[in-house]
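Colleague: Quick one: the structure is below, questions incoming.
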Amino acid sequence: MILPTPELRTARLRLRPFADADAAPLYALHNNAHVLRYWDSPPWTEPDRAQRFLGTCRRIEEEGTGARVAVERVSDGAFIGWCGLTGWNPDFRSASLGYVFDASAWGHGYATETAHAVLRWAFDSLDLNRVQAETDTRNVASARVLEKLGFVREGTLREDCVVNGDVSDSWVFGLLRREWNPTATPMADRAECGNG
C-alpha cells in the first residue's frame with residue numbers, strides 16, 4: 001500500500017515531498033558535524049548518501065511504512081531541514097517521529113511547528129494510537145521540543161548508540177492519541193535544537 005507523502009503548510013513553513021534538487025542541501029545538512037553531534041550516525045562524507053536517503057524516502061512511501069517531508073521557509077524558500085514518520089504499523093497503530101534542522105534554523109520554533117503539522121496529519125490520516133521518538137540524553141533542547149508537543153519521557157536506553165567511538169544514552173518519548181492536543185499552537189523556544 002502506498003502512503004503518499006503529504007504537502008502541508010504552517011504559517012511560516014512549507015512541508016513537501018523530497019525532490020531530486022534537494023540532494024545538495026540535504027547533503028550539506030547531514031555533512032555538518034555540529035548539526036549531527038547528537039544523531040545516531042556520523043556525518044555523511046560522501047555526496048551519494050543524499051541520493052540513497054532520497055531513495056529511502058521513495059521506498060518507505062511505496063511500502064506504506066512512512067513519510068518524510070522536506071521543510072522550506074515560506075519567506076525565502078530556503079530548505080531548513082526535514083521531518084518524518086517511519087515504522088508505521090497499521091496493526092499496532094504506531095509510528096516513530098524524527099527530524100533534523102540546520103543550525104541556522106535553531107531557536108525559531110521551526111522543529112516544533114513542523115512536528116506539530118506532521119503529527120496532526122498522522123493522527124488524522126493514519127489513525128495512530130501512539131507515536132514514539134528518541135533523542136540523545138545530552139540533547140535537552142530536542143527533548144524540550146518533544147515535551148512541548150505533548151510527548152512523555154518513558155525511559156532511558158542505556159548506551160544504545162556508539163558513533164565514532166562515542167557511547168551515548170537515549171531517552172524514549174511516547175505520545176498517545178488521547179494525550180494529543182491538535183489545537184495547541186506551537187510556540188517558539190529559543191533553546192530549540194534541530195535533531196531528534
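Colleague: When both residues are 6+ apart or on different chains and their Cβ atoms are under 9 Å apart, which pairs have a first residue that lies in region 121-145 and is of a type in the set (K, R), and a second that is surrounded by 16 or more Cβ atoms within 10 Å (Cβ to Cβ) and modelled with pLDDT of 95 or more?
Modeller: These pairs meet every condition: R130/S94; R130/A95; R130/G174; R130/L175; R144/T112.
Colleague: For region 96-133, which positions are within 22 Å of D22 (Cβ to Cβ) and in a strand (DSSP E or B)?
Modeller: Those that are within 22 Å of D22 (Cβ to Cβ) and in a strand (DSSP E or B): S96, L97, G98, Y99, V100, F101.
Colleague: While we're looking at this one, here's another question. Only one of E72, E113, E62 is acidic (D, E), over 13 Å from the mean Cα position of the chain (by Cα) and closer than 24 Å to S142 by Cα; which?
Modeller: So the residue among E72, E113, E62 that is acidic (D, E), over 13 Å from the mean Cα position of the chain (by Cα) and closer than 24 Å to S142 by Cα is E72.
Colleague: Inside region 62-92, can you point out the residues that are modelled with pLDDT of 95 or more, loosely packed, with under 15 Cβ neighbours inside 10 Å and charged (D, E, K, R)?
Modeller: D76, the sole residue that qualifies.
Colleague: Output the residue which, of all residues in region 167-196 that are touching a strand residue (DSSP E or B) at 6+ places or on another chain (Cβ under 9 Å) and charged (D, E, K, R), is modelled with the lowest pLDDT.
Modeller: E192
The values are calculated or read from the model by the stated rules, or taken from the named source; none is laboratory data. These numbers come from a predicted model, not from an experiment. All Cβ positions, even for glycine, are placed from backbone atoms using ideal geometry, and neighbour counts span all protein chains on display.
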